[in-house]
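Trainee: Pasting a structure here, questions to come.
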Amino acid sequence: MRSPRVVIDRLQPSVDDGRFPAKATVGQPLVFEADVYADGHEAIAAELILRQPGGEAQRLPMRSLGNDRFRVQMLPTKTGRHLFTVEGWIDAWGSYRRVLLRLQAANKVSEQDLVDGVERIRAASRDADPDARLATLLLRLEDLSPPEKLMLLLDEGVAELMSARLPRGFASRHASEFCVIVERTRAGFASWYELFPRSQGAPGQHATFDDVIARLPSIAAMGFDVLYMPPIHPIGTTKRKGRNNSLVATPTDPGSPYAIGSSEGGHDAVHPALGGIEALRRLRDAAAGYGMELALDIAIQCSPDHPWLREHPEWFTWRSDGSVRCAENPPKKYEDIVNVEFYNEGALPSLWLAWRDVIEHWIAEGIHTFRVDNPHTKPLPFWEWLIADIHTRHPDVLFLSEAFTRPAMMYRLAKIGYSQSYTYFTWRNSKRELGEYMTELTQQAPRDFYRPHFFVNTPDINPRFLQDAGRPGFLIRAALASTLSGLWGMYSGFELCEGAALPNGEEYLDSEKYELRHRNWGAPGNIVGEITRLNRLRREHPSLQSHLHFQLQHSDNDQVLVYARQLPGADELVLVAVSLDPHAAQETQFDLPFDALGVAAGGALESEELMSGRRFVWHDRRQHWRFVPQEMPFAIWHLRRAAGAHA
Ligand SMILES: O=P(O)(O)O[C@H]1O[C@H](CO)[C@@H](O[C@H]2O[C@H](CO)[C@@H](O)[C@H](O)[C@H]2O)[C@H](O)[C@H]1O
């Protein structure tokens, strides 16, 4: 096929050139861009053609950014698949107007140049479909002096009218329609709190969901809106794990909740000691009363006691001794669970459908968010099918991928449907690491399909950084996670700065995965107040509700990371500076984003430090700040142009 005269290229957002849908979130700016160009020097115009779910195609004019790039931005309000393409054409009036502007700047506009414009309008008004506005315009032009005529011919309203009337020269359209899936707000903006329900009661007693209800007011007061629980199903006894991952359990050890299934049921059952399904329903409703939703864990594995081993032996691979090999995620070994085999003869489609039934079961119970354990150890085609299938009936259901593996696999899981993904954030501590990682996530390909969920800790990850960092270290990581990504999460105990670890690793000492833990939620030294404030700032400042719109700022100290968060086109922004050193005071000179706020030389910025409420007017582009870890290792400023300052 020959190239059209007007070429349309490099549509954004697009994932692998349109092979997978891009992602967007209700209420977050969605930016479309394309290169549109042609031979010669004529002006080009472009339009986005957008089909929203259940709607007519809409045409949105795109603005030239220069260098052949065009852009339009919209705020999605509907969830679902949005299809788009781009049309471009030679803009005859735009070409005339552009020349006229250049002549005006050079003070060389001739009488004939003005006549040319009037003649163009006259020709347009002679079209088959007469436009009264053009007739009126011609009448007005007749009585004007040359300078007045020039002003009117350059008028933007006239440009709009003429562009709408004139035929689109050499119009062409990109050959493909691209897709953006818009998901509900919590796909991209949510604060997760993870807890083990069985630990939420009186010391030494297995708690129920009713005990979790009693904890809701304080969790909601901290500003969390998703309550995530590790598996809540019956736990097997065969090869049950004991304290600190011991291979021998005592009769009173509750077992790992990931060892799912016993004679009391499998993945669609609730552990009786948690109060059963009625108690879960009470918790679900109580959480909704606090504006929170529950997220459940989907762990595709079975304890050897799971009913499926008896009912569906064809879903497992049996060894000659009648056992099934235990699961692993190298180098970790999970002796108390076995895997189902997706590729076994007899597993397709029954096993795939069984998992869909499990998800449907919990959706029917009002659960709309699922954290999926180790999805990278299960078939990609399975996830692609399952998520698409669930979304045809339940487009608001969210899936979080807990894959800590190679980047290609983590990204692929997002491309094939996962709404959110665990990340390497937990292990990115230095200024260089954090800067590079954020640049990859926000300015390279993942930007269009990968929503990073920044967990500061998990029951499996007691980050080495936190193990000896004390309270300042917890403040540092909370500030980073909550201001770098729209999605952040913590596992309970973080707010109490718990960091005791087993030697030489990242496992918690006396991990709650294998025993009940009782905590004093008001223990001295906690950071509940700071977490509450951070979550409040996230709600108040839309630029903190996504990981996108991130810009590194210069700071002269390698221990201090400074970044701006600004929505496209906004006249305000949030500037964050975090000292990455939990042990010693650090100070830095850093640059203020005067240009991003349109402040010219001699102008000033009004700023409010949002943790303390202190206000400043800053006249110098370069500022100085000192961080004392025991006081506050970070600062967050809201910045806008000072009233009266010139742009
Ligand atoms: O493999 P990951 O590091 O991604 O961890 C996830 O999956 C593990 C297996 O489900 C899970 O491990 C826990 O449960 C196992 C099964 O009961 C048990 O053998 C492990 O000792 C225990 O850590 C882990 O919690 C989960 O996040």
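Trainee: Just the ratio, please: alpha-carbon radius of gyration of the chain over 2.2 N^0.38 Å, N its number of residues.
Mentor: So the chain has a normalised radius of gyration of 1.15.
Trainee: Which of the lysines could a cross-linker bridge to Lys513, judged by Cα under 22 Å and excluding same-chain residues fewer than eight apart?
Mentor: Lys239, Lys241, Lys332, Lys333
Trainee: Moving on to the next point. Starting from the eigenvalues of the Cα gyration tensor, five times each then square-rooted, give me the equivalent ellipsoid semi-axes of the stretch 441-503, largest first, whole Å. Don't skip to the end; give the middle numbers.
Mentor: Details: eigenvalues 124, 28, 20 Å².
Gyration-tensor ellipsoid for the stretch 441-503: 25, 12, 10 Å.
Trainee: P(r) tail for the stretch 127-189, what percent of Cα pairs lie past 15 Å? Working shown, then result.
Mentor: Working: 1367 of 1953 pairs.
Value for the stretch 127-189 (Cα pairs over 15 Å): 70 percent.
Trainee: Separate question: How large is ³J(HN,Hα), in whole Hz, for each residue of the stretch 36-53 in order, when computed from phi with the Karplus curve 6.51 cos²θ - 1.76 cosθ + 1.60 and θ = phi - 60°, using x for Gly and Pro?
Mentor: 9, 7, 8, 5, x, 10, 6, 6, 10, 10, 9, 9, 8, 10, 10, 10, 7, x
Trainee: Return the tail of the calculated pair distribution for the stretch 6-182, meaning the percent of Cα-Cα pairs more than 28 Å apart.
Mentor: Details: 5607 of 15576 pairs.
That tail contains 36 percent of the Cα-Cα pairs.
Trainee: List the pair-distance distribution P(r) of the stretch 240-353, using every Cα-Cα distance, as the percent of pairs falling in each 10 Å bin from 0 up to the bin containing the longest distance, rounded to whole percents.
Mentor: 12, 36, 32, 17, 2, 0
Trainee: Straight distance only, please: which lysines reach the Cα of Lys149 with their own Cα at less than 30 Å, same-chain residues fewer than 8 apart left out?
Mentor: Of all the lysines, those that pass the test against Lys149 - Cα under 30 Å, at least 8 places apart if same chain - are Lys108.
Trainee: If you wrap a convex hull around the alpha carbons of the stretch 354-442, what volume per residue comes out, as a whole number of Å³?
Mentor: So the per-residue hull volume is 105 Å³.
Trainee: What percent of all Cα-Cα pairs in the stretch 209-262 falls into each 5 Å bin, going from 0 up to the bin containing the maximum distance?
Mentor: 4, 18, 19, 17, 13, 14, 11, 4, 0
Trainee: Can you put Glu328, Glu606 in order, fewest other beta carbons within 10 Å first?
Mentor: So the ranking, lowest neighbour count to highest, is Glu328, Glu606.
Trainee: Starting from the Cα gyration tensor of the stretch 193-237, take the square roots of the eigenvalues, sort them a ≥ b ≥ c, and report rounded, prolate or oblate (rounded when a/c is under 1.5, otherwise prolate if a/b is larger than b/c, else oblate).
Mentor: oblate
Trainee: Take every DSSP beta bridge with both residues inside the chain and express the antiparallel ones as a percent of the total, to the nearest 5.
Mentor: Roughly 70 percent of the DSSP beta bridges within the chain come out antiparallel.
Trainee: Mind listing the Cα extents of the stretch 550-641 along all three principal axes, in Å, largest one first?
Mentor: Projected onto the principal axes, the Cα atoms of the stretch 550-641 cover 38, 25, 24 Å.
Trainee: How much length would be gained if the chain were fully extended between Arg140 and Ala202, taking 0.36 nm per residue of separation minus their Cα-Cα distance, in nm to one decimal?
Mentor: Between Arg140 and Ala202, full extension yields an extra 13.9 nm.
Trainee: Shifting gears a bit: Please give every one of the lysines within straight-line cross-link reach of Lys78, meaning a C-alpha to C-alpha distance under 16 Å, and leave out same-chain neighbours fewer than 8 residues apart.
Mentor: Leaving aside lysines fewer than 8 places away in the same chain, those within reach of Lys78 are Lys23.
Trainee: Follow-up. Along the charge dipole of the chain, which of Leu484, Val7, Ala347 sits closest to the positive end, that is, farthest toward it, with unit charges on the beta carbon of Lys, Arg, Asp and Glu (+1, +1, -1, -1)?
Mentor: Val7
Bear in mind these aren't lab numbers, they're just calculated from the coordinates by the rules spelled out. Note that the structure is predicted; figures quoted are calculated from it, not measured. Note that each Cβ is placed from the backbone with ideal geometry, even for glycine, and that neighbours are counted across all protein chains shown.
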